[in-house]
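Single-structure report; data block below.
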Amino acid sequence: MLRKLLALSLISCFMMQSFSVSVKAEEKDFFENSVILLVDSPMCYVNGEMKPVGDVAPTILNDRTLVPVRFLTESFGGTVQWNDDTKTAVLNYGDDIIDVPVGENKIVVNGESRTLDVGAAI
């Protein structure tokens, strides 16, 4: 589920580069359970409401879109823990646990190794 969330967020980043959203009360249902990130913006939409992203705004670097994984995970009620010894972010969402080592193109989802096209970066 978190993988789908991250993929959706990446797609949103590409689509929302120069797009702003005005949300009417009756349109809020459309945005429920969603996060819309704006590239190079300190603000985003969480469930149709504008909120600050925090320390790290989404950006494009070397043709890759970098997104604030901690912010996304926590926006949907998950948690992120950092293991400084292994340089790994551990994402927890419901029953799902995803280990994301920085600089590697492999992650571990609920104990199963998966290959990414590019590794995580800070």
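Would you mind stating whether V80 is in contact (Cβ under 8 Å) with a residue 12 or more places away in the chain and part of a loop (DSSP other than H, G, I, E, B)?
On the way: in contact (Cβ under 8 Å) with a residue 12 or more places away in the chain: yes; part of a loop (DSSP other than H, G, I, E, B): no.
Considered against the rule, which asks whether it is in contact (Cβ under 8 Å) with a residue 12 or more places away in the chain and part of a loop (DSSP other than H, G, I, E, B), V80 comes out as no.
Could you list, in sequence order, all residues of segment 94-109 that are outside any loop (DSSP other than H, G, I, E, B) and under 17 Å from S75 (Cα atoms)? Explain how you work it out, then say what you get.
Here is the first cut: in segment 94-109, the residues outside any loop (DSSP other than H, G, I, E, B) are 96-102, 106-109.
Residues satisfying the conditions are D96, I97, I98.
Hey, can you tell me all the residues within segment 110-122 that are modelled with pLDDT under 90 and either farther than 14 Å from R70 by Cα or in a strand (DSSP E or B) (or both)? Walk me through it before giving the result.
Going residue by residue through segment 110-122, those that are modelled with pLDDT under 90 are 116-122.
Selection gives L116, D117, V118, G119, A120.
For segment 27-35, does any single residue satisfy the condition of being at pLDDT 80 or above and either in contact with a His (Cβ under 9 Å, 6 or more places away or on another chain) or surrounded by 12 or more Cβ atoms within 10 Å (Cβ to Cβ) (or both)? Can you show your working first?
First pass over segment 27-35, keeping only residues at pLDDT 80 or above: 34-35.
So of that shortlist, the ones also either in contact with a His (Cβ under 9 Å, 6 or more places away or on another chain) or surrounded by 12 or more Cβ atoms within 10 Å (Cβ to Cβ) (or both) come out as 34-35.
For segment 27-35, residues at pLDDT 80 or above and either in contact with a His (Cβ under 9 Å, 6 or more places away or on another chain) or surrounded by 12 or more Cβ atoms within 10 Å (Cβ to Cβ) (or both): present.
Suppose we keep only residues that are at pLDDT 85 or above, in a loop (DSSP other than H, G, I, E, B) and in contact with a helix residue (DSSP H, G or I) (Cβ under 9 Å, 6 or more places away or on another chain) within segment 39-66. Which one would you say is surrounded by the fewest Cβ atoms within 10 Å (Cβ to Cβ)?
V39
Residues in segment 59-77 that are under 16 Å from D99 (Cα atoms) and touching a residue at least 40 places away in the same chain (Cβ under 8 Å): how many?
3
The values are calculated or read from the model by the stated rules, or taken from the named source; none is laboratory data. Small disclaimer: the values here were computed from a predicted structure and weren't measured. As a convention, Cβ positions derive from the backbone with ideal geometry for all residues, glycine included, and neighbour counts pool all protein chains shown.
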